[in-house]
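**Student:** Starting off with a structure, shown below.
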Amino acid sequence: MPRFYGTEIASSLMLGTAQYPSPAVLAEAFRRSGAGIATVSVRREAGGERAGADFWALIRQLGVRVLPNTAGCHSVREAVTTAQMARELFETDWIKLEVIGHADTLQPDPFGLVEAARILTAEGFQVFPYTTEDVVLAERLLEAGCEVLMPWGAPIGTGLGLTNIYGLRTLRAQFPDVPMVVDAGLGLPSQAAQAMEMGFDAVLLNTAVAKAGDPAAMAEGFALAVEAGRLAYAADPMEPRDMAAPSTPVVGKAFLE
Amino acid sequence: MIITVNGETVAVTAGRLSEILEELGYGGEKVATAVNETFVPAAARAELALAPGDRLEIVAPRQGG
């Protein structure tokens, strides 16, 4: 099971809390997912609104660890200030660091990401950087103090799955001891299973569950797929080959001509 | 004095951040604050006096992915 900054988590499925049709559906989806970590955010609150208190009460009932994000931040300063506010609100040093560099793809800004990771690590944060499959960027993030990497599968909210299998496989192979979470872009359980079969430690998704017609059923589908993929990776899969090889023994076959 | 609260122009009579939060209806709420893009911890609110034109951000827990 995945281990992040010394904390072992009982599930390889991490789930976002946004876009569900209702708080009740969110709670049921979490229950059936078995997820051990929920991502959350901070947003502006009006005086007397108390929406934050209601949401926080709901999350506490789920019995999961929270991973606050800096979603929507485009600059280092914005991301750092957001992380500091999130740490106070959610009482955790964990932060999913997003520094967005491109509006259409929501691709991370690699330069800002490394700088923000360095600042936050120095302030005692335990940073989960939302990154790409770039191995050079990964190296810089590890140098900056990150002990977890969260490469994208595809751009956030697209549901395209693992769009750069080669890049993800290379990243996984280059840093075999670093816990890695495929974050963003997954749309189907088969894609989550594929990530786990490749040796990733966990997957993080939100839209694929929240926007399904039946979010709770989809959450369970992802849970089963993640477990299947995890078992398959641990079981050391066979090597694929180009030519057929009979699985039934040839020796002892009756001659019936 | 006139300050900006979550992007809106607001007139407040109080001067210190803790008092301004009370005045604006955030008393006892689970919120975090930043003034002029710099985080202000809860413990520092009682000491911090705002100046006219300051930009105050007040955030709370929300759904996220």
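Bear in mind these aren't lab numbers, they're just calculated from the coordinates by the rules spelled out. Treat the numbers as computed from the prediction; the structure is a model and nothing was measured. All Cβ positions, glycine included, derive from the backbone under ideal geometry; neighbour counts span all protein chains shown.
**Student:** Run a plain Debye calculation on the protein assembly as shown (Cα atoms as equal point scatterers, no solvent) and give log10 I(q)/I(0) at q = 0.13, 0.16 Å⁻¹, rounded to two decimals, same order as the q list.
**Tutor:** Cα-only, vacuum Debye calculation for the protein assembly as shown: -0.94, -1.30.
**Student:** Give a quick list of GluC sites (Glu not before Pro) in segment A:14-105 that DSSP marks as loop, anything other than H, G, I, E or B, with at most 12 other Cβ atoms within 10 Å. Walk me through the intermediate numbers first.
**Tutor:** Values: sites: A:Glu28, A:Glu45, A:Glu49, A:Glu78, A:Glu88, A:Glu91, A:Glu98; in loops: A:Glu45, A:Glu49, A:Glu91, A:Glu98.
Sites meeting the loop and neighbour criteria: A:Glu91.
**Student:** Still on this structure, please answer the following. Count, for each residue of B:19-30, the Cβ atoms from other chains sitting within 10 Å of its Cβ, then give me the mean as a whole number. Display every interim value, and only then the final one.
**Tutor:** Working: counts 0, 0, 1, 1, 1, 3, 5, 6, 2, 2, 8, 10.
Taking all residues of B:19-30 together, the mean is 3.
**Student:** Counting only residues 5 or more places away or on other chains, whose amide H sits under 5 Å from the amide H of A:Phe4 once H atoms are built in the peptide plane?
**Tutor:** Under 5 Å from the amide H of A:Phe4: A:Ile9.
**Student:** How many Cβ atoms of partner chains, on average, are near each residue of A:48-59 if near means within 10 Å of its Cβ? Numbers along the way, then the final one.
**Tutor:** Working: counts 5, 6, 7, 5, 9, 6, 2, 6, 4, 2, 2, 2.
Mean shielding count: 5.
**Student:** Can you give the FRET efficiency for B:Ala14 and B:Glu37, using 1/(1 + (r/R0)^6), R0 = 22 Å, r = Cβ-Cβ distance, to the nearest 0.05?
**Tutor:** Working: r = 21 Å, r/R0 = 0.97.
That pair, B:Ala14 with B:Glu37, gives E of 0.55.
**Student:** Also: To the nearest Å, what is the center-to-center distance of segment A:31-100 and segment A:129-158, using C-alpha atoms only?
**Tutor:** The distance from the Cα centre of segment A:31-100 to that of segment A:129-158 comes to 20 Å.
**Student:** Separate question: What order do you get for B:17-29, A:222-234 when each peptide is scored by the mean count of other beta carbon atoms within 10 Å, highest first? Don't skip to the end; give the middle numbers.
**Tutor:** Details: B:17-29: 17.0, A:222-234: 18.9.
Sorting B:17-29, A:222-234 by mean packing, highest first, produces A:222-234, B:17-29.
**Student:** For B:Ala49 and A:Met1, what does the FRET efficiency come to when R0 = 56 Å and r is the distance between their Cβ atoms, rounded to the nearest 0.05?
**Tutor:** Details: r = 50 Å, r/R0 = 0.89.
Once rounded, the FRET efficiency stands at 0.65.
**Student:** Just how many % of Cα pairs in segment B:8-65 lie over 14 Å apart, if you round to the nearest whole percent?
**Tutor:** 53
**Student:** ³J(HN,Hα) across segment A:74-85 via Karplus (A = 6.51, B = -1.76, C = 1.60, θ = phi - 60°), whole Hz, x for Gly/Pro?
**Tutor:** 10, 10, 4, 4, 4, 5, 5, 5, 4, 5, 5, 5
**Student:** If you put +1 on each Lys and Arg Cβ and -1 on each Asp and Glu Cβ, how big is the dipole of chain A around its Cα centre, in Debye rounded to 20?
**Tutor:** 400
**Student:** What is the average number of partner chain Cβ atoms found within 10 Å of a Cβ in A:87-98? Spell out each step's value before the answer.
**Tutor:** Numbers: counts 3, 10, 8, 3, 0, 0, 0, 0, 0, 2, 0, 2.
Counting other chains' Cβ atoms within 10 Å and averaging over A:87-98 gives 2.
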